[in-house]
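Following: one structure in structure tokens, then a few remarks.
The values are calculated or read from the model by the stated rules, or taken from the named source; none is laboratory data. Since we're looking at a predicted model, the values are computed, not measured. For neighbour counting, all protein chains shown are included, and Cβ atoms are generated from backbone atoms with ideal geometry for every residue, glycine included. Accessible surface is based on the protein model in full, side chains and every heavy atom, while ligands, DNA and RNA are left aside. Shrake-Rupley method; radii C 1.70, N 1.55, O 1.52, S 1.80 Å.
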Amino acid sequence: MCGIVGYIGKDEIKNILVDGLRELEYRGYDSAGIAVLEKDNIQSFKAIGKLKNLEEKTSNYASKGFGLGIGHTRWATHGKPTELNAHPHLGEFSYVVHNGIIENYQELKKELQAEGVTFLSQTDTEVIVHLFEKFYKELNDPFAAFEKTVETLEGAYAVLLITKADPEKIYFAKNGSPMIVGNDAKGDIYFGSSDAAMLGKATEVIYLADGDYGYTSMEGISLYHDRKTKALSKRPLVGDKVSAQKNGFRFFMEKEIYEQSEVLSDTIMGRVLDNEIKFDELDTNFFDGINDIKICACGTSYNSGLACSYLFERQAKIKTSIEIASEFRYKEPLMSKDTLFVVISQSGETADTLEALKMAKAAGLKTMAICNVDNSSIVRLSDYTLLTRAGIEKGVASTKAFATQVMTMWMLSLYMAQHRNTMSQEEIKAEIDAIRHIPTTVMVEDNLHEKIKRLSKRYLHGHGFFFIGRDLFFPLALEGALKLKEISYLHAEGYPAGEMKHGPIALADSELFTIALMPKNIHYDKIKSNVEELSARDATILAISPLEFDLADDFIKTKHAEHPMSEFFEMMVITQILALEISVRLGNDVDMPRNLAKSVTVE
Ligand code: M6R
């Protein structure tokens, strides 16, 4: 989704802006642009497609001495991905970049057009710069004009604005879309819509809150909220840029699959003791008044939540339901205060999940976030947070985020079971032993990867894939299918295996590929008969199981694990690598698949 960067200082501005945008590339975008202001001269460059196109366009340009600049990667919402629609948007003497959606832009645009303003783009963003210039002409005060502009906007926004009317400042505002401002030891100022863009540059940062606005110059940051000055609450920016690179792997997604062992160790660190699960984040009265759980999420995060809803009911004996956030928002849901509302999100910025969370909060529910990004909007809004500790995930197709979400909620399930006395000490101990083994389970062995790579060439055509599984392995089937379709662009569906005969089996023939998840520890005989039914209709079967299965066309043998979750994590890795290798053979952009964004901050 869109990314924003900004800089004030004496270093070469274009390089700083483009470097920052490169760190945000993984979020997905279809055009990019920058504007640089030196004294009273503004230079702006835009290009559709990848950042390298922008770099080519700017190759003969470099700033000299003090100046400031703003940059943007755009993922089209209002208007096609064209150069005219790319940010920054210009007025007569100012430029703006914006993430989010201005909901009242149509009425504002009509008013401005009636006053003679000409619009160049189809975007909602362009109203911001024209409004600012109109108010500046009326008030003759850039800050007052910016404040009035912000007060006129409705919707979600993170905005940076530069203007020849005040050439040493960047104006900023945040409401509903993330924005961070920071500085380095020299006092140079940096902006980013995510701290990934600022790592290695800013040393301390402020995570702006909704309703914050202000301006920055070399004199510092002036922050306002509701027309009053607001104290700056700076935090050190910690993080390592190198860790965000590919470390020799072909793709970020591949690196992230291989990293799962390490990050899962981080996820469980300090939380899994010899005989109990412990979360320092939860206080002792956490469960007071809670009778059931509602989980709400999107995409992969929904799939992890669905898997863990089985665990919550089975282990902690707590009634659990799950909803897709975009549906939940508009179904006029009934909510009661004895429900714990759990939202799951890798990015912590997904608009639908964030709005569902706001609804639950407004209804007075206790809320909890399972999230990978500390200080994200979802984390800041939730009453409780369990961080998944996956580290920066750059591949648009989520892998290690899913693994760590499942692990975090598996531990949460046991934590609740301890509290509710629904499992014996021996049972908890057995789960703890299984958890401790998972970082080893997910290590990718060379011969496994090689086998999947070879197999992948047989699965590049056909009229679709069915990933099937039962129980916990149904959500894993959903996730396997989502991974494959995201990066291969092949049609894939996840189904509960027992549901095939209720309709989908009509599609079965030799060109229908079935990826059958056949664990030995959960309903093996049941899934076996479902797969036999498909085989009888000549479907091509790739079985993943520890038990030999004669009817399979292809077979990936898993280990004889004694715990279903060990089988779950082992099969998860296999489906991830299968999707990766099919995508590679098809020549697709594995890390930045078409039409997708990493962080979906619009509904
Ligand atoms: O950041 P979130 O977990 O809230 O994102 C939710 C989905 O947009 C995300 O999981 C999406 O489905 C991924 N591309 C899956 O690989």
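Residues of the stretch 366-418 that are in contact with a Lys or Arg (Cβ under 6 Å, 6 or more places away or on another chain) and surrounded by fewer than 20 Cβ atoms within 10 Å (Cβ to Cβ): D383 alone.
Scanning the stretch 279-312 for residues that are among the charged types (D, E, K, R) and either part of a loop (DSSP other than H, G, I, E, B) or within 16 Å of the ligand (Cβ to nearest atom) (or both), which turns out farthest from the chain's Cα centre (by Cα)? Result: D288. Do we have any residue at all in the stretch 332-343 that's within 16 Å of the ligand (Cβ to nearest atom) and open to solvent by 20 Å² or more (accessible area, probe 1.4 Å)? No: the stretch 332-343 contains no residue that is within 16 Å of the ligand (Cβ to nearest atom) and open to solvent by 20 Å² or more (accessible area, probe 1.4 Å). The single condition among (1) over 23 Å from E147 (Cα atoms); (2) open to solvent by less than 30 Å² (accessible area, probe 1.4 Å); (3) modelled with pLDDT of 90 or more that L237 does not satisfy is (3). Condition first: of a type outside the set (K, R), part of a loop (DSSP other than H, G, I, E, B) and either within 16 Å of the ligand (Cβ to nearest atom) or on the phi > 0 side of the Ramachandran plot (or both). Can you find one or more residues in the stretch 406-425 that meet it? For the stretch 406-425, residues of a type outside the set (K, R), part of a loop (DSSP other than H, G, I, E, B) and either within 16 Å of the ligand (Cβ to nearest atom) or on the phi > 0 side of the Ramachandran plot (or both): present. Residues in the stretch 562-597 that are more than 18 Å from L484 (Cβ to Cβ) and at pLDDT below 90: 1 in all. Scanning the stretch 1-24 for residues that are surrounded by fewer than 22 Cβ atoms within 10 Å (Cβ to Cβ), assigned to a loop (DSSP other than H, G, I, E, B) and of a type outside the set (K, R) yields D11, E12. Taking residues in the stretch 368-386 that are aromatic (F, W, Y), and partners anywhere that are in a strand (DSSP E or B) and at pLDDT 95 or above, the pairs with Cβ atoms closer than 7 Å and at least 6 places apart or on different chains are Y384/M368.
Take the conditions (1) open to solvent by less than 30 Å² (accessible area, probe 1.4 Å); (2) touching a strand residue (DSSP E or B) at 6+ places or on another chain (Cβ under 7 Å); (3) modelled with pLDDT under 90; (4) closer than 21 Å to S44 by Cα; H98 misses just one of them, which is (3). When the stretch 316-331 is limited to residues that are part of a helix (DSSP H, G or I) and open to solvent by less than 20 Å² (accessible area, probe 1.4 Å), the one that is nearest to the ligand (Cβ to nearest atom) turns out to be A325. Considering only residues in the stretch 25-71 that are farther than 19 Å from T82 by Cα and among the small types (G, A, S), the one that is most open to solvent (accessible area, probe 1.4 Å) turns out to be S59. Here A173, A185, A202 are screened, and the one residue that is buried (at least 20 other Cβ atoms within 10 Å of the Cβ) and within 22 Å of K10 (Cβ to Cβ) is A202.
Scanning the stretch 520-554 for residues that are open to solvent by 70 Å² or more (accessible area, probe 1.4 Å), part of a loop (DSSP other than H, G, I, E, B) and within 20 Å of M500 (Cβ to Cβ) gives H523, R537, D538, D550, L551, D553. Scanning the stretch 296-315 for residues that are among the basic types (K, R) and open to solvent by less than 10 Å² (accessible area, probe 1.4 Å) yields a count of 0. Of the residues making up the stretch 583-603, those that are farther than 30 Å from Y157 by Cβ and within 15 Å of the ligand (Cβ to nearest atom) are S583, N588, V590. Restricting attention to the stretch 497-514, which residues are within 17 Å of S529 (Cβ to Cβ) and surrounded by 12 or more Cβ atoms within 10 Å (Cβ to Cβ)? Listed by number, the residues that qualify are A497, G498, E499, M500, K501, P504, I505, A508, T514. Being more than 14 Å from the ligand (Cβ to nearest atom) and assigned to a strand (DSSP E or B) is a condition met by no residue of the stretch 350-361.
If I ask for residues that are of a type in the set (G, A, S) and assigned to a helix (DSSP H, G or I), which ones from the stretch 555-603 would you list? Walk me through how you get there before you give the answer.
Of all residues in the stretch 555-603, those of a type in the set (G, A, S) come to 561, 566, 579, 583, 587, 597, 599.
Matches in the stretch 555-603: S566, A579, S583.
Of everything in the stretch 267-278 that is assigned to a loop (DSSP other than H, G, I, E, B) and hydrophobic (A, V, I, L, M, F, W, C), the residue that is most open to solvent (accessible area, probe 1.4 Å) is M269. Residues that are touching a residue at least 60 places away in the same chain (Cβ under 8 Å), open to solvent by less than 40 Å² (accessible area, probe 1.4 Å) and either in a loop (DSSP other than H, G, I, E, B) or over 15 Å from Q43 (Cα atoms) (or both) within the stretch 72-86 comprise T73, R74, listed in sequence order. You will find that of L476, L490, the residue that is within 16 Å of the ligand (Cβ to nearest atom), open to solvent by 10 Å² or more (accessible area, probe 1.4 Å) and not assigned by TED's automatic domain parsing to the domain that holds S304 is L490 and no other. Can you confirm whether the stretch 388-395 contains a residue that is out of contact with any Asp or Glu (no Cβ under 7 Å at 6 or more places or on another chain) and away from the ligand (no atom under 16 Å from the Cβ)? Scanning the stretch 388-395, I find no residue that is out of contact with any Asp or Glu (no Cβ under 7 Å at 6 or more places or on another chain) and away from the ligand (no atom under 16 Å from the Cβ), so the answer is no. Scanning the stretch 419-440 for residues that are modelled with pLDDT under 95 and surrounded by 18 or more Cβ atoms within 10 Å (Cβ to Cβ) gives a single hit, P439.
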